[in-house]
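See structure below.
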Amino acid sequence: MHTEPGYITEKQAIQTRLRRIEGQVRGLQRLVDEETYCIDILTQISASTKALESVALLLLDQHLQHCLTHAQDPDDTRRKLTEASEAIARLVRS
């Protein structure tokens, strides 16, 4: 059974954020093309990274609030919780 993703109510906001991040990455390319000072580029990379982390945390929150609460049975709940734990581990390591 296919259900809507947990982030469906935030879809537009997420897309807006991702487009803004896409613009930031293009800006990074432009900074390198213009041979901008390294520290200034690193500062912008940090901002882009934080923006991506913010989207990731929103998606994770939506997963926990929606997908886990709509799990059909205990096995499904455990699987979704394991997925969330693994996603958190990937975020922490990155």
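The values are calculated or read from the model by the stated rules, or taken from the named source; none is laboratory data. This one's a predicted model, so the numbers in the text were calculated from it and none came from an experiment. Neighbour counts run over all protein chains shown; Cβ positions are idealised from the backbone, glycine included.
Only one of these conditions is not met by HIS70: (1) surrounded by fewer than 13 Cβ atoms within 10 Å (Cβ to Cβ); (2) within 23 Å of ILE8 (Cβ to Cβ); (3) modelled with pLDDT under 90. Which number is it?
So the condition that HIS70 fails would be (1).
Could you list, in sequence order, the residues of region 73-82 that are out of contact with any helix residue (DSSP H, G or I) (no Cβ under 8 Å at 6 or more places or on another chain) and surrounded by 11 or more Cβ atoms within 10 Å (Cβ to Cβ)? It would help to see each step written out before you state the result.
We begin by selecting, within region 73-82, every residue out of contact with any helix residue (DSSP H, G or I) (no Cβ under 8 Å at 6 or more places or on another chain); these are 73-79, 81-82.
The answer is ASP76, THR77, ARG78, ARG79, LEU81.
So which residues in region 59-80 are in contact with a Lys or Arg (Cβ under 8 Å, 6 or more places away or on another chain) and either in a helix (DSSP H, G or I) or of a type in the set (S, T, N, Q) (or both)? So that I can check it myself, show each step before the final result.
Initial filter on region 59-80 (in contact with a Lys or Arg (Cβ under 8 Å, 6 or more places away or on another chain)): 63, 67-68, 71.
Residues satisfying the conditions are HIS63, CYS67.
If only one of GLU86, GLU35 is assigned to a loop (DSSP other than H, G, I, E, B), loosely packed, with under 12 Cβ neighbours inside 10 Å and modelled with pLDDT of 90 or more, which one is it? Let's see the steps before the verdict.
Values: GLU86 fails: assigned to a loop (DSSP other than H, G, I, E, B).
Exactly one residue qualifies, and that residue is GLU35.
Please work out which one of (1) exposed (fewer than 12 other Cβ atoms within 10 Å of the Cβ); (2) under 16 Å from the mean Cα position of the chain (by Cα); (3) among the polar types (S, T, N, Q); (4) at pLDDT 90 or above is the condition THR49 fails and give its number.
(1)
Can you give me the number of residues within region 52-77 that are more than 24 Å from LEU18 (Cβ to Cβ) and within 14 Å of the chain's Cα centre (by Cα)?
Total satisfying the criteria: 0.
Return a yes/no flag: does region 9-32 have any residue that is among the hydroxyl-bearing types (Ser, Thr, Tyr) and part of a helix (DSSP H, G or I).
Step one: filter region 9-32 for residues among the hydroxyl-bearing types (Ser, Thr, Tyr), giving 9, 16.
Of the ones still in play, those that are also part of a helix (DSSP H, G or I) are 9, 16.
Checked region 9-32: at least one residue is among the hydroxyl-bearing types (Ser, Thr, Tyr) and part of a helix (DSSP H, G or I).
May I ask you to list the residues in region 10-44 that are under 30 Å from ASP73 (Cβ atoms) and free of Cβ contacts under 8 Å to residues at least 12 places away in the same chain?
As a first pass, look at region 10-44 and keep what is under 30 Å from ASP73 (Cβ atoms): 10-11, 14.
Result: LYS11, single match.
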